[in-house]
Amino acid sequence: MKAQPTASNPQRKAEIEKAAYNIVEVTMNTDLPDFIAQRLLQLKTLLEMMKDTEWDLSELDRERVISAMAYFADPIDLIPDHIPGIGFLDDAMFVEIIIRELRSEISAYGEFCRFRDAEDERLAAEGKDPSENRDQWLGAKRDELHSKIAETRSSVNEEFLFHIF
């Protein structure tokens, strides 16, 4: 992606994250068409995925997410956000592209969160402390899902190369 070189700069990363959080906040506080709002709110999942210390996103994957969100830190939009009804349409379309690009990461993260919540509830219902051996049971699931992401990414790259050659 074109934005990757700037994403490696810590100050630029912070700007990109802040811009994505701003889009999420505007989306939550503005009456936008459903198509736009649903997509823009998906940025929240990406931001949560990056902040979740138990998910332990690799630096490479973190760079991919930040690079994908770089568009939101660019002050020049295709459609200015202040235009009623369609101002965030370009942002929503870009989120759709990001979501498709990062679908395996997002799917795995969703599975991880559901697993974590279910285990917390199950252990609590059994009268056990969910924090006991947490790193172990969460780590096993996280490693499984991170491997699944790597396999998916590898097979997608192989399929892409197969179609090119």
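The values are calculated or read from the model by the stated rules, or taken from the named source; none is laboratory data. Everything numeric here is computed off the predicted structure, so don't read it as measured data. Positions of Cβ are generated from backbone atoms using ideal geometry, with glycine treated the same way; all protein chains shown enter the neighbour counts.
Just to be sure I understand, how many residues within the stretch 16-29 are touching a Phe, Trp or Tyr at 6+ places or on another chain (Cβ under 9 Å) and free of Cβ contacts under 8 Å to residues at least 12 places away in the same chain?
0
Taking the criterion of being surrounded by 20 or more Cβ atoms within 10 Å (Cβ to Cβ) and at pLDDT below 85, would at least one residue in the stretch 3-11 satisfy it?
yes
What are the residues in the stretch 114-140 that are of a type in the set (A, V, I, L, M), farther than 18 Å from Asp52 by Cβ and exposed (fewer than 11 other Cβ atoms within 10 Å of the Cβ), if any? Steps first, please.
Narrowing the stretch 114-140 to residues of a type in the set (A, V, I, L, M): 118, 123-125, 138, 140.
Right, trim to farther than 18 Å from Asp52 by Cβ and you get 123-125.
Result: Ala125, single match.
For the list (1) at pLDDT 85 or above; (2) assigned to a helix (DSSP H, G or I); (3) not hydrophobic (A, V, I, L, M, F, W, C), I need the number of the one condition that Ser131 fails.
All conditions pass for Ser131, except number (2).
Just to be sure, is Thr53 at pLDDT 80 or above, over 28 Å from Thr152 (Cβ atoms) and more than 11 Å from the chain's Cα centre (by Cα)?
no
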